[in-house]
């Protein structure tokens, strides 16, 4: 497939952070959870392209930009940006779209007018030639 600036494919995930996702005091979720979500989205992109889960090879860049807490809703987006012989380049973004409002009540939450970008990344996945089933 030729290199292009137009996204070759996209995949999305929407998740709610629970108390079991919190790793630190105050209900703070570890940044490693964002990497888990990016990996899930990468897997979907590889299945779309190759019909195989492939392997995550490396992250080129990872940025954690805002805290994530138990109760937050996140939207994660992955974009396939370049396809090589076996390598697949991707970018990822995680945005907070809903957050709890515990000062209002234990069950109050609000949809954010503007999503908050909590993490971004770029990386490379690999699907071995013998595993590529789609063309």
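The values are calculated or read from the model by the stated rules, or taken from the named source; none is laboratory data. Keep in mind that this is a model prediction, so the values were computed, not measured. With ideal geometry, Cβ positions are generated from the backbone for all residues, glycine too; neighbour counts draw on all protein chains shown.
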| request: Working only within region 94-114, note down all residues that are in a strand (DSSP E or B) and surrounded by fewer than 13 Cβ atoms within 10 Å (Cβ to Cβ). | output: 110, 111, 113, 114
| If you take the residues in region 71-93 that are buried (at least 17 other Cβ atoms within 10 Å of the Cβ), in a strand (DSSP E or B) and without any contact (Cβ under 8 Å) to a residue 60 or more places away in the chain, which one is farthest from the chain's Cα centre (by Cα)? | 88
| request: Would you point out which residue out of 134, 103, 129 is at pLDDT below 95 and touching a helix residue (DSSP H, G or I) at 6+ places or on another chain (Cβ under 9 Å)? | output: 134
| Looking at region 115-135, which of its residues are over 18 Å from residue 64 (Cα atoms) and part of a strand (DSSP E or B)? | 124, 125, 126
| Leading residue by the ranking (farthest from residue 96 (Cα to Cα)) among those in region 107-134 that are free of Cβ contacts under 8 Å to residues at least 12 places away in the same chain and out of contact with any strand residue (DSSP E or B) (no Cβ under 8 Å at 6 or more places or on another chain) | 130
